[in-house]
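Asker: Submitted below is the structure of interest, expressed as structure tokens.
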Amino acid sequence: MSEKDVIICRCEDVTLQDLHDMMDQGYTSFEELKRLLRIGMGPCQSNTCGQLVQREISKYLKVKLEDVKTQKVRPLATGVKLNSICEGANNES
Amino acid sequence: MKANYVIIGAGISGCSIAYNLAIKGVKDIVVLEKAYLTSGSTGRCGAGIRQQWGTKMNCLLAKGSIEFFEKAKETLKYDGDIEFKQEGYLLVSTDEEEDHQFKKNVKLQNSLGIPARKINKKEAKQIVPHLNTDVITGAAFCPTDGHLNPFRMTDAYFKAAKRLGVKFYFNEEVTDIIIVNNKIEKVITANMEINSNNVVNAAGGYAKEIGDMAGVNIPVYAENHEILVTEPIEEVQRPMVMSFTKNIYCQQVPHGSFIMGRSNPEVEHNHSNESTWKFLDEMAKTVCEILPLVGNLRVIRQWGGSYTMSPDRQPIISDTNELEGFYLACGFSGHGFMFAPMTGLLLSEIILKEKSTIDISDLHLSRFKNKKDFIYEKSVV
């Protein structure tokens with residue numbers, strides 16, 4: 001299958017080709033790729049693409065998978081509506 | 001290794017300075033970055049671009065920068081999209097005093113050629129239909145303000161500078177600056193020693209520490225400012241909505257998500273970039289009051305980044321009387337991203353002893369000596 005048809009990040013619709021093009025330009029860490037391609041910035045927060053991208057970086061740089069630096073994990077663990085947060089905060093006080 | 005100029009920091013300021021020097025023909029420029037491109041405050045900022053300021057200096061820095069952004073893609077020959085969106089900033093006032101201040105600000109802005117206007121609640125509602133006008137008294141609007149992608153904009157400067165021969169080194173944290181007979185001799189990192197007589201401090205949140213290495217006291221400090229982002233939806237809000245008294249800025253970016261932030265008056269002065277539940281609570285309450293529609297969106301992620309505060313909340317763009325060859329671009333107090341084109345241009349003029357595009361003697365480090373009372377820029381969140 002063509003790299004253009006392989007979706008590596010389904011939240012932000014990034015293909016394997018996009019990822020490889022960016023790596024060819026010298027951006028080879030998850031944090032850099034995230035900022036330029038938006039991988040890991042969607043609703044799944046890299047729960048889906050995280051490991052796939054790690055593996056691609058490992059192959060590209062020819063380093064062991066465990067030596068590829070993992071991305072920063074940020075809150076929230078799952079999407080929560082602002083209204084719900086607001087209600088919760090008001091009930092506490 | 002030898003270099004003509006060593007620039008510390010590959011955020012937007014460092015990249016803009018490198019580009020401005022290189023385009024004027026300066027050779028052997030090295031940029032040292034402790035992590036990766038935009039890893040500091042640039043990559044953590046709210047991505048807003050505005051010209052509606054209360055001081056003449058900030059107005060001029062912002063206006064000159066927007067004029068650059070408007071043609072940046074062509075000027076820097078960037079292959080990607082910098083996502084520049086000029087749909088305006090809507091500043092809302094919540095009492096008569098603030099309304100009066102906005103009138104004064106708009107007058108100043110107009111006198112400098114910035115197309116802002118004072119508007120009433122009804123007009124504000126037309127611009128942002130889901131705005132809760134029950135909690136505001138009036139507004140000011142400037143249609144040419146807007147949004148710009150910080151990663152892409154910095155990448156554009158970075159690539160243009162690289163093409164002009166600037167060398168970038170990432171994951172190279174500066175650990176010391178060696179001074180001999182009051183002259184800079186070299187810059188030390190974990191893996192390198194670079195002989196150079198000129199150093200530019202564009203280290204953002206760590207500008208003070210770099211100053212200390214050079215023996216120059218820079219009275220700035222870092223403080224954490226938090227942001228959150230929602231899931232993306234179709235375009236419903238064109239301009240940034242901002243309130244200084246309610247402590248909020250909130251914009252829908254071209255991607256479709258909403259980015260919003262507020263400041264914490266009790267924040268400590270340090271390098272923390274942590275996320276707190278308290279911010280999440282306060283941010284949710286504020287946005288649900290002012291923009292109730294946005295309350296239906298899910299929060300995807302939150303993060304923090306440093307504002308580097310100067311005593312008068314205005315940048316320091318200058319050389320130093322204490323040490324020859326030591327230049328500063330720091331203390332932007334939360335607005336370094338949007339001022340970057342002017343930062344690079346003005347500092348390159350100082351370094352190359354050219355005539356300054358605008359008079360920036362008020363931005364010199366020496367202004368803080370023996371001075372305690374400053375005129376603050378009040379238009380900040």
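Each value in this text was obtained by applying a stated rule to the coordinates, not by laboratory testing. Predicted model, so just to flag it, every value in this text is computed and none were measured. Positions of Cβ are backbone-derived with ideal geometry, glycine not excepted, and every protein chain shown enters the neighbour counts.
Asker: Within 10 Å of each Cβ in peptide B:296-306, how many partner chain Cβ atoms are there on average? Round it to a whole number, please.
Answerer: Neighbouring Cβ atoms belonging to other protein chains average 5 per residue here.
Asker: Please order B:Trp303, B:Trp53 by the number of other Cβ within 10 Å, starting at the fewest.
Answerer: Ordered by Cβ neighbours within 10 Å, fewest first: B:Trp303, B:Trp53.
Asker: Over the Cα atoms of segment A:3-92, what is the Rg over Rh ratio if Rh follows Kirkwood?
Answerer: Checking Rg against Rh, the ratio lands at 1.11.
Asker: Additional query: Evaluate 2.2 N^0.38 Å with N set to the residue count of segment B:111-186, then give the Cα radius of gyration divided by it.
Answerer: Working: Rg = 23.6 Å, N = 76, 2.2 N^0.38 = 11.4 Å.
Dividing the Cα Rg of segment B:111-186 by 2.2 N^0.38 Å gives 2.07.
Asker: Hull surface divided by four, with the convex hull built on the Cα atoms of segment B:70-221: how many nm²?
Answerer: The Cα convex hull of segment B:70-221, projected and averaged over all directions, gives 13.8 nm².
Asker: Among the aspartates and glutamates, select those whose C-alpha is under 17 Å from the C-alpha of B:Lys71, and discard any that sit fewer than 8 residues away in the same chain.
Answerer: Partners within reach: B:Asp79, B:Asp81, B:Glu83, B:Glu87, B:Asp145, B:Asp155.
Asker: Can I ask one more? Apply the Karplus parameterisation 6.51 cos²θ - 1.76 cosθ + 1.60, with θ equal to phi minus 60°, to every residue of segment B:33-41 and state each ³J(HN,Hα) to the nearest whole Hz, in sequence, with x for glycine and proline.
Answerer: Per-residue couplings from phi come out as 10, 6, 10, 10, 3, 6, 6, x, 5 Hz.
Asker: How many Lys pairs in segment B:308-381 lie less than 28 angstrom apart by Cα atoms, where the lysines are 8 or more positions apart or on different chains? Show your work: numbers first, answer last.
Answerer: Numbers: B:Lys353/B:Lys369; B:Lys353/B:Lys371; B:Lys355/B:Lys369; B:Lys355/B:Lys371; B:Lys369/B:Lys378.
Close lysine pairs found across segment B:308-381: 5.
Asker: Straight-line reach from A:Lys64: which aspartates and glutamates have a Cα under 15 Å away, not including same-chain ones fewer than 8 places off?
Answerer: Reachable aspartates and glutamates: A:Glu56.
Asker: When every alpha-carbon pair in the protein assembly as shown is counted, what percent end up more than 27 Å apart?
Answerer: Within the protein assembly as shown, distances greater than 27 Å cover 56 percent of Cα pairs.
Asker: Return the sequence-ordered ³J(HN,Hα) values of segment B:371-381 in whole Hz as given by the Karplus equation 6.51 cos²θ - 1.76 cosθ + 1.60 applied to θ = phi - 60°, using x for Gly and Pro.
Answerer: 10, 10, 9, 10, 7, 7, 7, 8, 7, 9, 10
Asker: Would you mind checking which residues have amide H under 5 Å from B:Glu185's amide H? H placed 1.01 Å from N; only 5 or more apart, or other chain.
Answerer: Sorted by chain and number, the residues that satisfy this are B:Ile178, B:Ile179, B:Val180.
Asker: In what sequence, highest mean first, do A:35-43, A:56-64, B:251-259 appear when ranked by Cβ atoms within 10 angstrom?
Answerer: The peptides rank, most packed first, as A:35-43, B:251-259, A:56-64.
Asker: So, one more: If I build a Gaussian network model for chain B, linking alpha-carbon pairs within less than 10 angstrom, which residue out of B:Gly205, B:Gly40, B:Gly215 has the largest mean-square fluctuation?
Answerer: Result: B:Gly215 has the largest fluctuation of those listed.
Asker: Which entries of A:Lys72/B:Lys34; B:Lys77/B:Lys167; B:Lys63/B:Lys122; B:Lys121/B:Lys246; B:Lys27/B:Lys159; B:Lys85/B:Lys285 show an alpha-carbon separation above 21 angstrom in the structure shown?
Answerer: Among A:Lys72/B:Lys34; B:Lys77/B:Lys167; B:Lys63/B:Lys122; B:Lys121/B:Lys246; B:Lys27/B:Lys159; B:Lys85/B:Lys285, the Cα-Cα distance tops 21 Å for B:Lys63/B:Lys122; B:Lys85/B:Lys285.
Asker: Still on this structure: Which values, in whole Å and largest first, are the semi-axes of the equivalent ellipsoid of segment B:80-121 obtained as the square root of 5 times each eigenvalue of the Cα gyration tensor?
Answerer: 25, 14, 7
Asker: Further question on the same structure: Around B:Leu228, under 14 Å between beta carbons, what's the net of Lys plus Arg minus Asp minus Glu among the other residues?
Answerer: +3
Asker: 7 Å from Cα along Cα→Cβ at both A:Gln17 and A:Tyr60: what's the point-to-point distance in nm?
Answerer: About 1.6 nm separates the two model spin labels.
Asker: Where in segment B:269-308 does the amide nitrogen come within less than 15 Å of the point 7 Å from the Cα of A:Glu92, taken along Cα to Cβ?
Answerer: Once the point is set 7 Å along Cα→Cβ of A:Glu92, B:275-286 turn out to lie under 15 Å by backbone N, inside segment B:269-308.
Asker: Calculate the radius of gyration of the Cα atoms of segment B:10-140 to one decimal place, then report Dmax, the largest Cα-Cα distance, as a whole number, both in Å.
Answerer: 18.6, 58
Asker: FRET efficiency for A:Arg10 and B:Asn181, Cβ-Cβ distance as r, R0 = 45 Å, nearest 0.05?
Answerer: 0.15
Asker: Amide H of B:Ile300 versus every other amide H placed in the peptide plane: which residues, excluding those fewer than 5 positions away on the same chain, fall under 5 Å?
Answerer: Here B:Val229, B:Thr230, B:Glu231 satisfy the definition.
Asker: Treating only the Cα positions of segment B:302-350 as identical point scatterers, give the base-10 log of I(q)/I(0) from the Debye formula at each q in 0.20, 0.24, 0.29 Å⁻¹.
Answerer: Cα-only, vacuum Debye calculation for segment B:302-350: -0.71, -0.92, -1.11.
Asker: Also, quick follow-up: Between segment A:1-50 and segment B:101-118, how many Å separate their Cα centres?
Answerer: 43 Å
Asker: For chain B, would you read off the P(r) tail past 33 Å as a percentage of all alpha carbon pairs?
Answerer: I get 28 percent for the Cα pairs in chain B exceeding 33 Å.
Asker: Just to be sure I understand: of the beta bridges DSSP finds with both ends in the protein assembly as shown, what percent are antiparallel, rounded to 5?
Answerer: Bridges in the protein assembly as shown that DSSP calls antiparallel: roughly 75 percent.
Asker: Only bridges whose two residues both fall in chain B count here: according to DSSP, what percent of them are antiparallel, nearest 5?
Answerer: Antiparallel bridges make up about 70 percent of those DSSP assigns within chain B.
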